[in-house]
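Working notes, structure below.
The values are calculated or read from the model by the stated rules, or taken from the named source; none is laboratory data. Just so it is clear, the structure is predicted and the values come from calculations on it, not from any experiment. Glycine also receives a Cβ, built like all others from the backbone with ideal geometry; neighbour counts cover every protein chain displayed. We work out accessible area using only protein heavy atoms, side chains counted, and drop any ligands, DNA or RNA first. Shrake-Rupley method; radii C 1.70, N 1.55, O 1.52, S 1.80 Å.
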Amino acid sequence: MVYRPRLRLMVKAMIRQFADPPSVKGLEGWIVSPGGVATTALLQHLSRFLTVNAVSDSDGLKHWPRPPQDWSALGGTRILFVSGDADVIYRSIRRRGWVEAQAAKLGCLTGVIARGDRQRRAFIAAVEAQKANWRAASSESLRFITYDTLWDSAEHLAAYFGIDDRRFVSEFPKQRARLSVANSALLPQRYAA
């Protein structure tokens, strides 16, 4: 028997495979990622200086699987896609117990339904597909950054988003140790780095 929460996630995954994102009208910045790459910390910081998508993902934009078909609908919204190592992302999401929910946000039905190694492979494939979908887009309003370079990119991000306030750079979040990597010895061997 399929329980209602899982059914909702299955429906969400199927819709996100094909639907365009909700409107970004009024946003100055849209941060997108597969999750597990400090997106929340970045959004919290950016939201002090710009109007950005919801830190909590209540608008559904934070982990959208592909760019919009109609770039003109973006207006002046600047987009930043944050990525990282797909296996490390998986471990971060798994550690938090979010694999099924995050798979649905990425449009990955198999990641919602499957378990174990099959789920891991499907989730990692969805992360790579999301990255490829966004990389295939061509727009002056889109930039890419990796988790590993994020912490040294405050000045570049300020320039990209047109933020003149010096506090953006001086108060940029500091990198913390990644629990998914630090605790990889605690994971079953097939999931360890």
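Among the trypsin sites (Lys or Arg not before Pro) within the range 6-64, those in coil by DSSP and having at most 16 neighbouring Cβ atoms inside 10 Å are 25, 48.
Solvent-accessible area of residue 20, all protein chains in place: 70 Å² (probe radius 1.4 Å, heavy atoms, ligands and nucleic acids excluded). Take each peptide in 169-175, 144-150, count the other Cβ atoms within 10 Å of every residue, and average; sorted highest first, the result is 144-150, 169-175.
The string of couplings for the range 165-177 from the Karplus curve (6.51, -1.76, 1.60, θ = phi - 60°) is 5, 4, 5, 4, 7, 5, 10, 4, x, 8, 5, 10, 4 Hz, one whole number per residue in order, with x for Gly and Pro. Pairing the Cα long axis of helix 86-95 with the longest principal axis of the chain, what angle in degrees results, from 0 to 90 and rounded to the nearest 10? Around 70 degrees separate the two axes. Using θ = phi - 60° and the Karplus relation 6.51 cos²θ - 1.76 cosθ + 1.60, list the HN-Hα couplings for the range 109-116 in order, rounded to whole Hz, with x at every Gly or Pro. Residue by residue, the range 109-116 yields 4, 4, x, 7, 8, 6, 9, x Hz. Exposure check, 1.4 Å probe, all protein chains in place: residue 156 carries approximately 140 Å² of accessible surface.
Protein-only accessible surface at a 1.4 angstrom probe places the residues 155, 28 in the order 155, 28, largest first. Under the criterion of Cα pairs below 8 Å and six or more residues apart, the relative contact order for the range 13-70 equals 44 percent.
Dipole orientation for the chain: of the candidates 112, 150, 67, 112 has the Cα lying most toward the positive pole (charges on Cβ; Lys, Arg +1; Asp, Glu -1). For residue 144, the residues 5 or more places off, or on other chains, whose built amide H falls under 5 Å of its own are 81. Per-peptide packing, taken as the mean over residues of other Cβ atoms within 10 Å, places 66-75, 82-91 in the sequence 82-91, 66-75 from highest down.
Ignoring ligands, DNA and RNA, please state the percent of accessible area on the chain from carbon and sulfur, probe 1.4 Å.
Working: 5250 of 10120 Å².
Reported share for carbon and sulfur atoms: 52 percent.
As a check on your grasp of the helix formula, calculate [θ] at 222 nm for the chain: sum -39500 (n - 2.57) over DSSP H runs of n ≥ 4, divide by the residue count, round to the nearest 500. All intermediate terms of the calculation are to be shown ahead of the outcome.
Values: 10 runs with 85 residues, N = 193.
It comes out at -12000 deg cm²/dmol, rounded to the nearest 500.
With the contact rule set at Cα under 8 Å and sequence spacing of 6 or more, what percent relative contact order holds for the chain?
Working: 278 pairs, mean separation 50.0, N = 193.
This gives 26 percent for the chain.
Rolling a 1.4 Å probe over the protein heavy atoms gives the range 53-145 an accessible area of 41 Å² per residue.
Here the chain is treated with +1 on each Lys and Arg Cβ and -1 on each Asp and Glu Cβ, and its dipole about the Cα centre works out to around 980 debye.
Could you state the per residue volume, in Å³, of the convex hull enclosing the Cα atoms of the chain? Walk me through the numbers before you get to the answer.
Details: hull volume 22.0 nm³, N = 193.
Normalising the Cα hull of the chain by residue number yields 114 Å³.
In the chain, the longest principal axis of the Cα atoms and the axis of helix 4-18 are about 50 degrees apart.
Sequence-ordered 3J(HN,Hα) estimates for the range 33-44 from the Karplus curve with 6.51, -1.76 and 1.60 and θ = phi - 60° stand at 6, x, x, x, 10, 6, 4, 5, 4, 5, 4, 4 Hz, glycine and proline given as x.
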